[in-house]
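The values are calculated or read from the model by the stated rules, or taken from the named source; none is laboratory data. Predicted model, so just to flag it, every value in this text is computed and none were measured. Because the Cβ atoms are built from the backbone with ideal geometry, glycine has one as well, and the counts that use them run over all protein chains shown. Accessible surface is based on the protein model in full, side chains and every heavy atom, while ligands, DNA and RNA are left aside. Shrake-Rupley method; radii C 1.70, N 1.55, O 1.52, S 1.80 Å.
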Amino acid sequence: MENSEEQSRTKILDTFKHIVDSNRKFVLTTHVNPDGDGLGSELALTRYLKKLGKQSVVLNHSETPSNHTFLDYHNELKQFDPEKDSQTVLDADVLIALDMNNPGRLRSIEKYFLESKAKKVIIDHHLEAQDFVDHQLIDLDSPATAEMVYRCLAAYDSNLIDKEIAEGIYTGIMTDTGSFRFPRTDGEVHRITANLLDLGVDPFYIYHNLYEENSLGRTRLLGEMLSKVELAYDGRVSYVAITLEQLNRNGVVPDDVDNFVNQAGAIAGVIVTLFFLEMEDGVKISFRSKGDVPVNELAKMYGGGGHKNASGARLPGVKLDETVRRVLADAERILPK
Ligand code: 5GP
Ligand code: MN
């Protein structure tokens, strides 16, 4: 097991080096509603590629969520505009999709990504990749795409990793490990993190900007949500929904409620949490579990995916109340007997 894991990691590093060495024009992207791992990985990789003298552009379907803009002090994260940017995607030598494995999550970029003659690559740590690229650099044991990016950059030339690159990597690792507490947070993660701190990353600064600069509306909405959490299945499942009316009344955008699901699950005895967010065009569901409960199986039933303990799905055109009832009923299937 250890051997095969090592071999595949070596193969990832070799493939990465080969792709970088044999190409010049790179376009990086990540999934819709990007998170710290997708954005941090993009920033780290684009900064590194530029140091190597490569041309590198980051194009995302979504605007950068406001709590992540502090990381983008060189304005490197661009929201994709088909009129201006489609040619860049079509003309690239290499397209790298980070922290995602399903072309549908590229949204407005998908069409151009698939049409482009560029070599296509994913760097990712999620289960069940779809087959849409030339090179799948996938490490299911990695706690964050940013950790994979670190390994690639360190193997290529660790001397080129500077503070600005380290900040992107640190952000990805910190956010995807739930601030260094999720199960895949092992000694190796901390050894890598130690290197990042040695390069000048300030943990307080990153955490504070991401999690402690919320709007009053978000804080009040969190309070509303917490007061409405319900339990089911003998207290093993917690669930709660946020409506569009609540978002609008509090002046909160969907990106701002990113961590609410974890708060709704921080209850003794709860092993599964379902968080429903009403959107203009349907419902987004976040699934979380503790221990050996595969919420990705539940997410898959609704066209979503993710990890065993953290998954998501987007259901276009459905009604909130009905969706809550259906998913709650289906949750029984993944609960331990
Ligand atoms: P979150 O609930 O925080 O949006 O997502 C939790 C995990 O599920 C993340 O790792 C994310 O990549 C994955 N995920 C979220 N939404 C979707 C989705 O619509 N489709 C798929 N395949 N994965 C998702
Ligand atoms: Mn990730």
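If you roll a 1.4 angstrom probe over the protein chains with everything in place, what fraction of the accessible area of region 172-249 belongs to carbon and sulfur, to the nearest %?
Answer for region 172-249: carbon and sulfur cover 52 percent of the accessible area.
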Query raised in the report: Once the convex hull of the C-alpha atoms of region 191-266 is built, how many Å³ does it hold per residue, rounded to a whole number?
Result: 118 Å³
Query raised in the report: Picking from VAL327, LEU277, ILE267, whose Cα lies most toward the positive end of the charge dipole for region 216-334 (charges on Cβ: Lys, Arg +1; Asp, Glu -1)?
Result: ILE267
Report task. Scan region 92-176 for trypsin sites (Lys or Arg not before Pro) in coil per DSSP, keeping those whose Cβ has at most 16 other Cβ atoms within 10 Å, and list them by number. Result -> LYS117
Report task. For the chain, give the magnitude of the charge dipole about the Cα centre (Cβ charges: +1 Lys/Arg, -1 Asp/Glu; no others), in debye to the nearest 20. Result -> 320 debye
**Report entry** Accessible surface, region 216-334, averaged per residue in Å² (probe 1.4 Å)
**Finding:** 47 Å²
Query raised in the report: Which GluC sites (Glu not before Pro) from region 87-151 combine a DSSP loop assignment with at most 13 other Cβ atoms within 10 Å?
Result: GLU128
**Report entry** When each of LYS119/LYS290; LYS290/LYS319; LYS120/LYS163 is checked by Cα-Cα distance, pairs over 30 Å
**Finding:** LYS119/LYS290
Query - Rg/Rg_ref, region 216-334, where Rg_ref = 2.2 N^0.38 Å and atoms are Cα - result: 0.98
Query raised in the report: Using 7 Å Cα-to-Cβ label points, what is the ASP321/ASP157 separation (nm, one decimal)?
Result: 6.3 nm
Report task. With a cut-off of 16 Å, note down the residues of region 305-337 whose backbone N falls inside the zone around a label point 7 Å from the Cα of TYR233 toward its beta carbon. Result -> 308-312, 324-337
Query raised in the report: Stokes-Einstein at 37 °C, 0.692 mPa s, Kirkwood radius from Cα pairs: D for region 3-210 in µm² s⁻¹?
Result: 195 µm²/s
Query raised in the report: Among the DSSP beta bridges whose two residues both lie in the chain, what percent are antiparallel, rounded to the nearest 5?
Result: 45 percent
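Counting only helical runs of four or more DSSP H residues, what would the 222 nm mean residue ellipticity of the chain come to if each run contributes -39,500 (n - 2.57) and the total is spread over all its residues?
Rounded to the nearest 500, it is -13000 deg cm²/dmol.
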**Report entry** Å² per residue, accessible surface of region 21-169 at 1.4 Å
**Finding:** 38 Å²
Report summary line: the chain: longest segment with zero exposed chymotrypsin sites (Phe, Trp or Tyr not before Pro), where exposed means DSSP loop plus at most 16 other C-beta atoms within 10 Å, is residues 74-179
